[in-house]
Amino acid sequence: MSTPQASKNLIFLTILLAFILSASFVLAAPAGSLPGPRYFIKTSNPFWQKSLGVRHIFEGGFTSDLSGIQVALVKIFGLEIEPVEELHILPVLPEEVIAETIEKIIENPTAKPAVNISARVSPSDQTPWGIEVIYDNPLIASTSGGNEINVAVLDSGVLKTHADLKNRVKQCKDFTNAKTPIKDGICDDKNGHGTHVSGIILADGGNDKLGIYGVAPEANLLAYKVCGNNGSCWADDIATALRTAADNGSNIINMSLGSDNESFLIKDAIGYVVSKDVLIVAAGGNDGPYPVSIDYPAANKLVVAVGAVDEALLVPDWSSLGINSSTSPFVVEEKDMEFGGPGVKVESTWKNGAYAVLSGTSMSSPHVAGLAAKFWQAGALEGTRAQVTRDLLHQLAKDLWIIGDDNATGFGLPQIK
Ligand SMILES: [Ca+2]
Ligand SMILES: [Ca+2]
Ligand SMILES: [Ca+2]
């Protein structure tokens, strides 16, 4: 039984607690510094949402950046919390490739966004080797396809003004801003990774046709920045970007990012996205050559996982491995690698308006995503296009590595025949 005095005390304590919680939130997030660590708080009570601050609301709870004091207080009050998974973009940069990238940037002292024709820098190859093998044509001069297909790239953003991308950008959103969980019209890429990945999918050579070509140069780019400039990405921001991409008409989503552990927030979002007939393609990971080194979200069976191959179509040591050899062959299951794609010394668009050569499964995934855009079955029955496209990619795969469905390249390298 509570006496009037007891309830007065309770009200006082509640106000005091709210004050401490919000004060510690302010202290925990000084201007200019990255907040975090981030937690999922398992309650939908508005009091806690208000006191701790809401990043994103999900079923059964919400996320927030909590200070040590807040974590301690929340635990005293018996709330269940768990850390939000942190993922990373996945380029591998062997020494020789770093040298090549730096050299390329030094080579181009006008290393600024190419805003006019005089600042134009040419790629070393307009149709790099990855494009040649995907098109199965070593003499190809330009690419085509992807008209009216929307490809969302969840990455470090994009250089919207790059000559080979500026006509492709349809949407640009930032999910990493500390204060505003979704910012429209902003997707600056200070890392470069997202610009590189986007170019592999849909660079269109630019108005002057002197630039580089991606796999499907008529596709539209939805550039969703989910990773900070240091390359790390919070799972709740990714989950929100996935749902936003599906709700904004994406047909295909590329995620050249991953982590060893599965995030339940991303897993739930993938289920939603796939129910909207969207195909998700992701980098298999650069943690090889050990068994089960495949990363999530690629390891999710609803997601197309892509490992790396080099120009000789051999698998580099660092490309992650799935468990295909111990599951049913040519049936995609959890932790299976699904394809091998060009991922060693891949040239593409860069954050300075020029071009860079990078290696990693981050580069393999967009080759397959671009091919999916090219093959997207616009005429197929509503609700089945993603699966029809995925099946077609399986049928067009050229067997690589160990004969049959293998841990490094799954069905093989999908090619245009
Ligand atoms: Ca998978
Ligand atoms: Ca299998
Ligand atoms: Ca094989």
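Overview of results
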| read-out | value |
| --- | --- |
| Condition broken by Gly412, with the remaining ones in (1) over 22 Å from Ile140 (Cβ atoms); (2) surrounded by fewer than 24 Cβ atoms within 10 Å (Cβ to Cβ); (3) within 16 Å of ligand 2 (Cβ to nearest atom) satisfied | (1) |
| Residue identified as crowded, with 24+ Cβ neighbours inside 10 Å and either more than 12 Å from the chain's Cα centre (by Cα) or within 16 Å of ligand 1 (Cβ to nearest atom) (or both) among Asp236, Asp277 | Asp236 |
| Condition check for Ala373: within 16 Å of ligand 1 (Cβ to nearest atom) and buried (at least 24 other Cβ atoms within 10 Å of the Cβ) | no |
| Matching option when the condition is over 25 Å from Thr195 (Cβ atoms), in contact (Cβ under 8 Å) with a residue 60 or more places away in the chain and either assigned by TED's automatic domain parsing to the domain that holds Glu262 or polar (S, T, N, Q) (or both), among Phe339, Phe330 | Phe330 |
| Residue within region 269-289 that is touching a Ser or Thr at 6+ places or on another chain (Cβ under 7 Å), among the hydroxyl-bearing types (Ser, Thr, Tyr) and in the same structural domain as Arg385 (by TED's automatic domain parsing) present | no |
| Residue match in region 323-336 (condition: away from ligand 1 (no atom under 13 Å from the Cβ) and surrounded by 24 or more Cβ atoms within 10 Å (Cβ to Cβ)) | no |
| Residue in region 359-370 that is assigned by TED's automatic domain parsing to the domain that holds Val273, in a loop (DSSP other than H, G, I, E, B), of a type in the set (Ser, Thr, Tyr) and within 16 Å of ligand 3 (Cβ to nearest atom) present | no |
| Enumerated helices (runs of 4 or more DSSP H) restricted to region 51-142, each holding at least 3 residues that are modelled with pLDDT under 95 | 68-76, 95-107 |
| Residue identified as touching a strand residue (DSSP E or B) at 6+ places or on another chain (Cβ under 9 Å) and under 30 Å from Cys187 (Cα atoms) among Thr409, Thr389 | Thr389 |
| Flag if Leu242 is outside any strand (DSSP E or B), at pLDDT 95 or above and touching an Asp or Glu at 6+ places or on another chain (Cβ under 7 Å) | no |
| When residues of region 300-315 are limited to those that are of a type outside the set (A, V, I, L, M) and without any contact (Cβ under 8 Å) to a residue 60 or more places away in the chain, the one surrounded by the fewest Cβ atoms within 10 Å (Cβ to Cβ) | Lys301 |
| Filtered residues of region 340-361 (kept if within 16 Å of ligand 1 (Cβ to nearest atom) and within 17 Å of the chain's Cα centre (by Cα)) | Gly341, Thr361 |
| Which numbered condition Ala305 fails, given (1) outside any loop (DSSP other than H, G, I, E, B); (2) among the aliphatic types (A, V, I, L, M); (3) closer than 16 Å to Ile402 by Cβ | (3) |
| Per-region count, region 261-299, residues without any contact (Cβ under 8 Å) to a residue 40 or more places away in the chain, more than 17 Å from Arg243 (Cα to Cα) and of a type in the set (A, V, I, L, M, F, W, C) | 1 |
| Test: Ser319 is at pLDDT 95 or above, more than 16 Å from ligand 2 (Cβ to nearest atom), under 19 Å from Tyr135 (Cα atoms) and of a type in the set (S, T, N, Q) | no |
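The values are calculated or read from the model by the stated rules, or taken from the named source; none is laboratory data. Keep in mind the model is a prediction, meaning the values are calculated, not measured. When we count neighbours, we look across all protein chains shown, and the Cβ atoms used for this are built from the backbone with ideal geometry, even at glycine.
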